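Input: a single structure, listed below in structure tokens.
The values are calculated or read from the model by the stated rules, or taken from the named source; none is laboratory data. Fair warning: this is a prediction, and the values are worked out from it, not measured in the lab. Don't worry about glycine lacking a Cβ; one is built from the backbone with ideal geometry, like all the others, and counts go over all protein chains shown. Calculation scope for accessible area: heavy atoms of the full protein, side chains included, ligands and nucleic acids excluded. Shrake-Rupley method; radii C 1.70, N 1.55, O 1.52, S 1.80 Å.
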Amino acid sequence: MFVTIGAEDPVSDSVARRLVGEYAPGAQVVRTIGLRGNDYLRRRMRDFNQIAAHYGPVLVLTDLDRPQSCPPQLVREWTRGMSPSPDLLVRVAVLEIEAWIMADRMGLAEWLGVAPNVVTRRPEEILDPKRELTALARRSRIRNRRSGMVRELRDGSFIPGPDYNTQLGGFANGRWDPEAARLLSPSLDRAIRTIEGILRQQ
């Protein structure tokens, strides 16, 4: 079985590939489309639907971003006017993919070199998960985590650093434990059940 991934950024791509590998072991990811933000994914939904109808499953992974919205509403908006293929799988991280990653509290804390109690137990309630995760990396005792994942600005503020996507994607592909993370992230749990329930039926 061949799977196409639609992802808005490299970290989301790494997470999607890990989930397919973990929960649909017979599947082979053949390509990723996107990596240009969620607006690009939304504009390509008809293309994704055609790929799913003719060539096999397409897993589109995007962020909710807006606290006032909800995943089913976003999926309805993105597929309005379409007849979605059963193989078009659209899953939404609440609020951002970093929330799914932070949901593996123990794994992330060990990887960053921070105390587990500084990692939130309610990742889907964080309004800016990327900033929260960057702030955790800023506290890391591991020098290359801090220097790669965090860029300090002159005014004392900070933003994701030049190696943010590469390092976080590496964690998602390796030490991240989605089984632990799904216990604290309902939207991740729904994504896992979707992958298990649909991809394994192919």
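Want the number for A135 to V118: 0.36 nm per residue separation, take away the alpha-carbon distance, what's left?
In short, 5.1 nm is gained.
Among DSSP bridges having both ends in the chain, what percentage is antiparallel? Round to the nearest 5.
Bridges in the chain are about 15 percent antiparallel.
So how strong a dipole does region 1-157 carry about its Cα centre when Lys and Arg Cβ are +1 and Asp and Glu Cβ are -1, to the nearest 20 debye?
Charge dipole of region 1-157: 360 debye, to the nearest 20.
For the Cα atoms of the chain, what angle does the longest principal axis make with the long axis of helix 45-55, in degrees from 0 to 90, nearest 10?
60 degrees
Using 1/(1 + (r/R0)^6) with R0 = 25 angstrom and r between the beta carbons of Y55 and L35, what's the FRET efficiency to the nearest 0.05?
0.80
Name the residue from S147, N117, P162 whose Cα lies farthest towards the positive end of the charge dipole of region 117-202, charges +1 on Cβ of Lys and Arg and -1 on Cβ of Asp and Glu.
S147
Once you place label points 7 Å from the Cα toward the Cβ at D65 and N144, how far apart are they in nm?
For D65 paired with N144, the spin-label model returns 3.3 nm.
At a 1.4 Å probe radius, carbon and sulfur cover how many percent of the accessible area of region 1-135?
46 percent
With every protein chain present, what is the per residue accessible area of the chain (1.4 Å probe, Å²)?
Ligands and nucleic acids excluded, the result is 49 Å² per residue.
Suppose only helical runs count, i.e. DSSP H with n ≥ 4. What mean residue ellipticity at 222 nm does that imply for the chain under -39500 (n - 2.57) per run, divided by all residues and rounded to the nearest 500 deg cm²/dmol?
Here the helix-only value at 222 nm equals -12500 deg cm²/dmol.
Given axes a ≥ b ≥ c from the Cα gyration tensor, I'd like to know whether region 99-153 is rounded (a/c under 1.5), prolate (a/b larger than b/c) or oblate.
Oblate.
Please check the chain for the longest run free of trypsin sites (Lys or Arg not before Pro) that are loop-located per DSSP (anything but H, G, I, E, B) and have at most 15 other Cβ atoms within 10 Å.
37-79
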